[in-house]
Every structure is written in C-alpha cells, then in structure tokens.
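*Asks:* Dropping a structure here in structure tokens format, bear with me for questions.
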Amino acid sequence: MTDLAAAFHTADIDAQTSAALAAHGLTVARVDDTSRAENDAWLDAVSRGFLDGERNEAQRAAFFERTEARRKLGVYDTTAPLAQTPVATFASWAAELTLPGGAVPACAISSVTVAPTHRRRGILRAVMAGELRTAVDRGMPVAVLTVSESTIYGRFGFAPAAAAAQWELNVRRARWIGPVAPGRIDFVTREQGRDAAAALHERVRLASPGEIDMPTGHWDRFFGTRADAEKAEQLRVVQYRGEDGEVDGIALYRVTENHDDFTASTVDISFLLAATDEAYAGLWRFFLEMDLIGTIRASELAVDEPLWWMIADQRAATITIRDHQYVRILDVPAALAARTYDVADSVVFEVADPLEIAGGTFLLSTDATGAASVDLVDDPPIGLPVVRLGVAELSSMLLGGVSAVTLARAGRIETDDPARIARLFATPAAPRLSFWY
Ligand SMILES: CC(C)(COP(=O)(O)OP(=O)(O)OC[C@H]1O[C@@H](n2cnc3c(N)ncnc32)[C@H](O)[C@@H]1OP(=O)(O)O)[C@@H](O)C(=O)NCCC(=O)NCCS
C-alpha cells in the first residue's frame, strides 16, 4: 500500500457524518480488517443491498482475503434485531485514474448500499459527503465510481466521464477487412491468462484515459481463478504474441451453443486487452473468423473502437452506449493540472459545488508544452473567457469524454465561446474504462 492509500485507509471517520447519523440513532464505524466476523456481516449487508442471496463460506473467505485493502464503512442500528449487520455499507480505496497525458490519485468507491428498512433518511448523503471530505483531505483530487443507477450520484457532484459501448455483432454480415496481424494466437490456461492480463493492463492503462488500476481480486474474478468462482469451466482464454514473442494481447470469452442452429452460436467476450494495434487486429479477427459463430457480444468497449472500421458492413454491429466511469472532482487545481492540453490558452471557471468541497473561481492557463497551472482567484483577469458550471459538468469534461459545445447546447454550462473551451479539453481518443468495480 502507498503512504497515501494507507493514510486514507485508516483515516478517522468524518465528524459531521458521525453526528448526522447519531441524530438518527445510528453509529458509523470502519470494519476491522482482521475480523472475519465483522467482514462476514458487512458482506451479507452488501449482498442483501444488491438483492443477492446469503454468501456461502467459500465466498466469505474469498471476500475476506481480497478486500483487506478496502476502507469499509458500516452504519449500525443497535436497536435492530440483527445489530451486528450494518444497515448501510460503503467501501473506498486509493486508486489511480488515467487522465489525458497523466494520472491522478483517485478515491474509488464501491459497495454502496442502504438497507431497504433504512432507505431515504439521508444515510447515503451523510456517508458520501464525509468520505469525499476525507478523501480530499488525504490528497485525492478526484473520486470515481461505477453505478447501478444513473440517477443517484449527480447530486453529489459526480458525472459520467467515460461512456461504455456494448456491441452485438452479426458475424455473417460483418466480414473482416482489417489488417492481418503478423503474430500468433494460442490458447492458454485461465491462470496464465489472468497473469498476462494483469501485466498487460498495467502496460495499457496509463495510455488510456478513464482507466484505473485493477482492484485487488478482480483478475481472479474475471478469469474464474478464485476459490468461489462459478461456471469458470466455460471460460476460454487466448493470447496474441507479436513477432518478438511478447504477449501483447489477451482475450477472455465464453461460447453459448445454439442448439437450433449449430452454425449460429454466440461468443461473449468478457475482456479483450491489446497493447499494440497488431494484437488488437489479431484478436478481433480471430473472433470474427471463428467457425460456427453467428453473434459476438462484447461490452465496456470504447465508444470509438477501431473495430468499426475493420468490418465490411458497419450495420452488422448494434452498438449501445451507456454511462460508465463516473468522476467527481474534489480539488479543481490539482485535478485540472494533472492532465495535459493540446492548446495554449487561459480560461476562467466559476465552479459551483453542491457539497461545498471544490467550488470557487479558478484561472486555468495552459502553455505550448501542454502543461497547466490552475489557481483559485478572487479577481480573475478581465477579457478572458468565463465558464460557469457545476463541479459535475467540469468532471464530465476532465477526461475529454464530452465537448464543451455539447454541454453548452444542452444547457449544462454557460460560456460565450464553447468552441474555444472544447478545443482546450479535446483529446484524440474517447476515454474508456474496461471493467466494473
Ligand atoms: C442508492 C441507495 C444507496 C440510496 O441510499 P439512501 O440512504 O436511501 O439515500 P439518501 O436518503 O441519503 O438519499 C440522498 C439523495 O439521493 C436520492 N436517491 C437515493 N437513492 C436514489 C435512487 N436510487 N435513485 C435516485 N435518487 C436517489 C434521494 O432522493 C436523496 O435526494 P436529495 O437529498 O437530493 O433529496 C439505496 O437506495 C440502495 O442501497 N439501493 C440499492 C443498491 C444500490 O443501487 N446502490 C448503489 C450502487 S452504485
């Protein structure tokens, strides 16, 4: 664990949060990482919150092992019959979010639940606000999460900042017209695939705005290499090796046979990771040219996949776009200065924050090297463009996932020259997050 991660992990619970919950007769505490019993009760609450069943012994043991690094908060109602089971859960940890041209420490949030017996009395609001204050106090300029429902987190200053594309491809129509990669494809075991994927993701994530480092235990979950894995035997793994013998690509998939038509089975690709364009072409071509396959499905892809330009018939692809990676700026100067810009310019931002964490008036100045300086200002210089916006809208622009022109036309930001702001924040490729957390 880095110093920052360790300091955040053990930070005291925000006093305002404790007071707000105490007013409802509730207590909030950090789950003891070494207590199996506390972790089991907390996991049961998470499972119940996400409408899932009780966890079995294998699942509890696996959870205990892999989530030690998470800061887990539980809210307890000592008057409830099951007083040891929290009525609300909230997990977070120090991650790293890739930005255009850089990266920034990020508070990643997950396992957010409030029991249906205790909903809508402000528990989430109290915990979220406090944990965000703690995160910024401990040096994390942004927070990130993926969501069950799009409508929950905007009020806390989060915005969808990297969308995900879900593909369903009619293989008969698509026809591969992309390059023929010079390397080779081979099957590997799930364990080999997991290890190669972990190494590859570390290679590619820092060049891919929107990605975060993979949380502990996720690779084992994807590749079915955890003790509590289900249906792992259905997973297949192929790797792509370049001409130099290096593993540059990994794909994890599952085939569902079509018993009515054996030539029209379905491939579900759960992960396709390519560190080079050759690996990307090699792996996608492998799937498009597989025998007996009628449909390929893949999700959490970028919204501007090169694959769309590698098939003869673009209408063979049905693509659904969804909000995916949510970002919340907690410290405007630190967050904006952590990325690079392709245009030298100076702009004033008047940022409103519903939780009063990151608001203010800021001067962003970028230079020809792409670097930025960002200052909180009382009297911004006159003559510069001014953008009035909420912290959620600024967060949605941080990765380059939406143009300021689009936001201005949608009435989400106010500025006289949205095109100038759009040029400043523009990036060559759409941001992407390749998994859920
Ligand atoms: C989502 C959930 C955590 C909300 O907890 P809660 O304690 O009831 O929320 P609060 O009472 O603090 O509500 C805070 C605000 O969010 C709003 N809100 C809460 N849940 C919402 C939802 N599901 N959709 C839209 N708005 C929601 C409330 O109306 C309230 O709005 P306001 O303060 O602006 O008036 C809870 O309903 C839950 O556990 N849901 C099932 C699991 C889940 O979806 N978790 C989220 C995973 S990403």
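The values are calculated or read from the model by the stated rules, or taken from the named source; none is laboratory data. Given the structure is predicted, the values throughout are model-derived calculations rather than measurements. All Cβ positions, even for glycine, are placed from backbone atoms using ideal geometry, and neighbour counts span all protein chains on display. For accessibility, only protein heavy atoms count, side chains too; no ligands or nucleic acids. Shrake-Rupley method; radii C 1.70, N 1.55, O 1.52, S 1.80 Å.
*Asks:* For the chain, modelled as a Gaussian network with Cα springs under 10 Å, which listed residue fluctuates most, Thr415, Thr113, Thr79?
*Replies:* Thr79
*Asks:* Can you give the calculated 222 nm mean residue ellipticity of the chain, where each DSSP H run of n ≥ 4 adds -39,500 (n - 2.57) and the sum is split over every residue, rounded to the nearest 500 deg cm²/dmol?
*Replies:* -7500 deg cm²/dmol
*Asks:* Then there's this: Would you work out if region 3-140 is rounded, prolate or oblate? Take a ≥ b ≥ c from the square roots of the eigenvalues of the alpha-carbon gyration tensor; rounded if a/c is under 1.5, else prolate when a/b is larger than b/c, oblate otherwise.
*Replies:* Cα axes put region 3-140 in the oblate bin.
*Asks:* DSSP loop GluC sites (Glu not before Pro) in region 203-279 with at most 11 other Cβ atoms within 10 Å of their Cβ, which ones?
*Replies:* Counting only loop positions with at most 11 other Cβ atoms within 10 Å, the GluC sites (Glu not before Pro) in region 203-279 are Glu230, Glu243, Glu257.
*Asks:* Percent relative contact order of the chain, based on C-alpha pairs within less than 8 angstrom and at least six residues apart?
*Replies:* Over the chain, the number comes to 18 percent.
*Asks:* Moving to a separate point now. Mind grabbing the accessible area of His118 for me, 1.4 Å probe, Å², rounded to tens?
*Replies:* Accessible area of His118: about 20 Å².
*Asks:* Another question, if that's okay. In the neighborhood of Leu252, defined by Cβ-to-Cβ distances under 10 Å, what is the net charge if each Lys or Arg adds +1 and each Asp or Glu adds -1?
*Replies:* The answer is +3.
*Asks:* When a/c reaches 1.5 or more, the comparison of a/b and b/c decides; with that in mind, is region 327-425 rounded, prolate or oblate per its Cα gyration tensor?
*Replies:* Rounded is the answer for region 327-425, as its axis ratio a/c remains below 1.5.
*Asks:* What order do Trp284, Trp219 take when sorted by accessible area (1.4 Å probe), most exposed first?
*Replies:* Descending accessible area places them as Trp219, Trp284.
*Asks:* Ordering Arg221, Arg30, Arg70 by accessible area with a probe of 1.4 Å, largest first, what comes out? Walk me through the numbers on the way to the answer.
*Replies:* On the way: Arg221 115, Arg30 75, Arg70 35 Å².
Highest to lowest solvent-accessible surface, that is Arg221, Arg30, Arg70.
*Asks:* Can you give me the Cα centroid spacing of region 397-437 and region 132-193 in angstrom?
*Replies:* 18 Å
*Asks:* When the Karplus curve 6.51 cos²θ - 1.76 cosθ + 1.60 is applied with θ = phi - 60°, which whole-Hz ³J(HN,Hα) does each residue of region 180-194 get, with x for Gly and Pro?
*Replies:* These are the phi-based 3J(HN,Hα) values: 9, 6, x, x, 10, 10, 9, 6, 9, 6, 5, 5, 5, x, 4 Hz.
*Asks:* Now a separate question. Could you sort Tyr326, Tyr280 by accessible area so the largest value comes first, with the probe set to 1.4 Å?
*Replies:* From most exposed to least exposed: Tyr280, Tyr326.
*Asks:* Then there is this: DSSP loop (so not H, G, I, E, B), at most 14 other Cβ within 10 Å: list which GluC sites (Glu not before Pro) in region 82-176 pass both filters.
*Replies:* Glu149
*Asks:* Another question, if that's okay. If you count only protein heavy atoms and use a 1.4 Å probe, how large is the accessible surface of Val127, to the nearest 10 Å²?
*Replies:* Only protein atoms counted, so the area is about 10 Å².
*Asks:* Under a Cβ-Cβ cut-off of 12 Å, what is the net charge of the residues other than Glu243 that fall near it, where Lys and Arg count +1 and Asp and Glu count -1?
*Replies:* Here the count lands on -2.
*Asks:* With the Cα gyration tensor of the chain giving a ≥ b ≥ c as the square roots of its eigenvalues, does the rule (a/c under 1.5 for rounded; else a/b larger than b/c for prolate; else oblate) give rounded, prolate or oblate?
*Replies:* oblate
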